[in-house]
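These notes concern the structure reproduced below.
The values are calculated or read from the model by the stated rules, or taken from the named source; none is laboratory data. In this text the structure is predicted, and so the values were computed from the model without any measurement. Note that each Cβ is placed from the backbone with ideal geometry, even for glycine, and that neighbours are counted across all protein chains shown. To get the accessible areas, we keep the full protein, side chains included, count just its heavy atoms, and leave off ligands, DNA and RNA. Shrake-Rupley method; radii C 1.70, N 1.55, O 1.52, S 1.80 Å.
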Amino acid sequence: MPPPLISLPPELLCDILRKLPIEEGRNMLLSCREIYDNGKHAFSQKCFRVIPLTLEHESMSQAEDLTKEQPCCFLEEIIIRIDRECDRHPEKLHLEDRLLSLFTNALQVSTKFDTITIQYDPEEFGSPVGRNRAPTKAVVWAIKTFLKGHENTDLKINIQNIRLHDCATLFALGKSFLNRVHSIGLRFEPHDTTVRSIQELLPLATNLKEISLMNDTGETLTSNPIRKVMKAVSSKTLESISLAGVDTTKDKLQEILHPLKASLKNIKLQQMTFEQKSFESFVRYISRDYSLEDLDLEDIWETDGKKEHEVIDPMSYWYDLQPTPASS
């Protein structure tokens, strides 16, 4: 049986490739001859929709070339990766000015450019406090300066894999554009002792659509810090919440989710442990009280205080409660 990508019509494969970051699209194109033959036309023009870059000279130069010499008229998103490859002295490379120029060029060549994603390294654990301050400052300055001349644009900002100490930097420097943040993903780390920084940031993110809270502590994370974070959410249009690695109960989750009931459309729970064997009652509560578009349950466990067991096929609990379509 041929792999699904090989059997796709060329037009559909090209559409998939254009939606990928350009480097990932090229890697897919080179994976086998059949995919190359069917998908090569995706790169006959610079019609890809995402440019990823890291804050170092080579990556910045490639992004600059793409938006100058080879205009990308379908560009929608620029992803800025703040990881261990970043230059920790961005002023030496004039990264603030270069990012500002990149945003300006992107808007000039593409009417579809509307998203900047700040993506922190998901594999970087226990990084020293302040390690990402300089690159975060460079990105924030460029975004703030860009928006001063383009206040009427519908620019959205997504923030992925941020740590609490980086939230403090973002709050201190980026207050003027936090209302444009549509998505934020926060990772808890072992040394975290307070959630104050994200509590200060979230009230300014008045148009937040998605929030993701992940436990990277290597230990049990209770519902208490999750509850404190979610109480700080001010957006009345939050549509999606994702939680990973939390010990909770049906009642505690109900307290967290209830204020979002009017707008919430998507819930994703991963690596969750339900105390008091309350998983099934939680699913019944969600099925009864919410009108969701999507519920995703993965790696769910239950405990009675003594023994812990995995919930086999947790999604079946949800499916069993859905109305059966009427037969014609």
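Assorted remarks:
- Positive dipole terminus of the range 168-226, leading residue within Gly174, Ile198, Asn215 (C-beta point charges): Gly174
- Exposure ranking of Asp299, Asp192, Asp166 by accessible area [1.4 Å probe, largest first]: Asp299, Asp192, Asp166
- Total charge dipole magnitude, the range 101-216, about the Cα centre, Cβ charges on Lys, Arg, Asp, Glu only, Debye to nearest 20: 400 debye
- Mean separation of Cα contacts under 8 Å (6+ apart) over length of the range 136-183, as relative contact order %: 59 percent
- Centre separation in Å (Cα based) which lies between the range 166-190 and the range 251-281: 24 Å
- Counting only the Cα atoms, the range 192-312 fills a convex hull of 97 Å³ per residue.
- Charge sum, other residues only, whose C-beta stays under 12 Å from Leu170's C-beta, Lys/Arg counted +1 and Asp/Glu -1: +3
- For Gly305, neighbours were defined as the other residues whose beta-carbon sits under 13 Å from its Cβ, and their charges (Lys and Arg +1, Asp and Glu -1) total -2.
- Per-selection Kirkwood Rh - the range 204-265 (Cα, Å, 1 d.p.): 12.1 Å
- Amide hydrogen neighbours beyond the local backbone of Gln160, cut-off 5 Å, H modeled: Ile118, Gln119, Tyr120, Gly185
- Positive minus negative residues near Met230 (Lys, Arg vs Asp, Glu; Cβ under 12 Å): +3
- Among 226-237, 179-190, sorting by the average number of other beta carbon atoms lying within 10 angstrom of each residue, highest first, gives 179-190, 226-237.
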